[in-house]
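Taking it in order: structure first as structure tokens, then the write-up.
The values are calculated or read from the model by the stated rules, or taken from the named source; none is laboratory data. Being a predicted model, the structure only gives us computed values, none of them experimental. Because the Cβ atoms are built from the backbone with ideal geometry, glycine has one as well, and the counts that use them run over all protein chains shown.
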Amino acid sequence: MFRENDIKQEVVSSVEVPLKAIDKEMANEIINEIKEYYNNDDIESLYNVMGEYARVLVTYEDFEESIMGMKVLGKMKNSSYTHHSYIQKKDGADWYTLNYVAKYEAGDGEATVTIMVKDNGWEVVGFRFNVFNFKKINK
């Protein structure tokens, strides 16, 4: 998976930069699409959620390997958008992290989705799942 930390990030402004391209409803649609493909082990569709920028940098095979490593968390049960953070301006685009509270089979946690926004639209460039109180899943 192409994670946020695969791209060197730093928040370049302590002032919140508005994200007009994506509202709360759209942010929840993004994570719900990721959740659906992840929970159904549809790695090809999950890979295609990623925009062209990410797919150029990460092969399908590397993405698949990363997703398989995430399966220790089990399925994502629920998630909800909480806020966004501006990361940086890079390659002619503004980069943001969409933040979510999330519940997994392995515990409560969070999810983040990194997007890049250009004049003509936006695309997903990475996502990450995190569990705070990990518990082993009995399958």
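Odds and ends about this structure:
- Region 44-54, residues that are touching a helix residue (DSSP H, G or I) at 6+ places or on another chain (Cβ under 7 Å) and either crowded, with 17+ Cβ neighbours inside 10 Å or at pLDDT below 95 (or both): Leu46, Tyr47, Val49
- Considering the conditions (1) at pLDDT 90 or above; (2) in a helix (DSSP H, G or I); (3) under 15 Å from the mean Cα position of the chain (by Cα); (4) farther than 13 Å from Thr114 by Cα, Ile30 is excluded by exactly one of them, (4).
- Those residues of region 33-76 which are part of a helix (DSSP H, G or I) and among the hydroxyl-bearing types (Ser, Thr, Tyr), in sequence order: Tyr37, Tyr38, Ser45, Tyr47, Tyr53, Tyr60, Ser66
- In the set Thr97, Thr114, only one residue is touching a helix residue (DSSP H, G or I) at 6+ places or on another chain (Cβ under 6 Å), part of a strand (DSSP E or B) and hydroxyl-bearing (Ser, Thr, Tyr); that residue is Thr114.
Okay, residues lined up against (1) over 15 Å from the mean Cα position of the chain (by Cα); (2) hydroxyl-bearing (Ser, Thr, Tyr); (3) surrounded by 18 or more Cβ atoms within 10 Å (Cβ to Cβ):
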{"position": "Phe63", "(1), (2), (3)": "no, no, yes"}
{"position": "Lys103", "(1), (2), (3)": "no, no, no"}
{"position": "Ala111", "(1), (2), (3)": "no, no, yes"}
{"position": "Gly126", "(1), (2), (3)": "no, no, yes"}
{"position": "Lys136", "(1), (2), (3)": "yes, no, no"}
